[in-house]
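Notes follow the structure.
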Amino acid sequence: MSNLIDSRLIGKSIKALRLAAHLTQDVLADDIGYSTRNLRRIETDGTTSIDVINTFADYFNVSAIDILNGCFLFIKIHICALLIARVNSYKK
């Protein structure tokens, strides 16, 4: 999964949920039992850990799919690029 997903998009989804709930990083981190530093890293660099994604999904009462939503376009683009490269290699 980590090769097909831009983990930064997951971080952006988590940050958007936090901001929509009007929470600071300190408050959210404390609520879920993470350090503020760890939350900051997740929002910036993202994550591909389904356990982490589920933690945020449970907290915000959304599905993991909602958090991954922005990643699906990235996956489709990546798969299309791989298919095009494969087709082009057959033409040679």
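Figures for the structure shown
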{"read-out": "Cβ pairs under 9 Å, 6+ apart, first in the range 16-33 and outside any helix (DSSP H, G or I), second at pLDDT 95 or above and surrounded by fewer than 16 Cβ atoms within 10 Å (Cβ to Cβ)", "value": "L23/D31; T24/T36"}
{"read-out": "Enumeration of residues in the range 19-45 that are charged (D, E, K, R) and either more than 12 Å from F56 (Cα to Cα) or at pLDDT below 95 (or both)", "value": "D26, D30, R37, R40, R41, D45"}
{"read-out": "Residue check, T47 among the hydroxyl-bearing types (S, T, Y), under 17 Å from N69 (Cα atoms) and open to solvent by less than 30 Å² (accessible area, probe 1.4 Å)", "value": "yes"}
{"read-out": "For G70: the one exception among (1) under 21 Å from D6 (Cα atoms); (2) at pLDDT 95 or above; (3) open to solvent by less than 60 Å² (accessible area, probe 1.4 Å)", "value": "(2)"}
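The values are calculated or read from the model by the stated rules, or taken from the named source; none is laboratory data. This is a predicted model, so every value here is computed, not measured. Cβ atoms come from the backbone with ideal geometry, glycine included; neighbour counts cover every protein chain shown. Ligands, DNA and RNA are stripped out before the accessible areas are found, and what is left, the full protein with its side chains, is counted by its heavy atoms. Shrake-Rupley method; radii C 1.70, N 1.55, O 1.52, S 1.80 Å.
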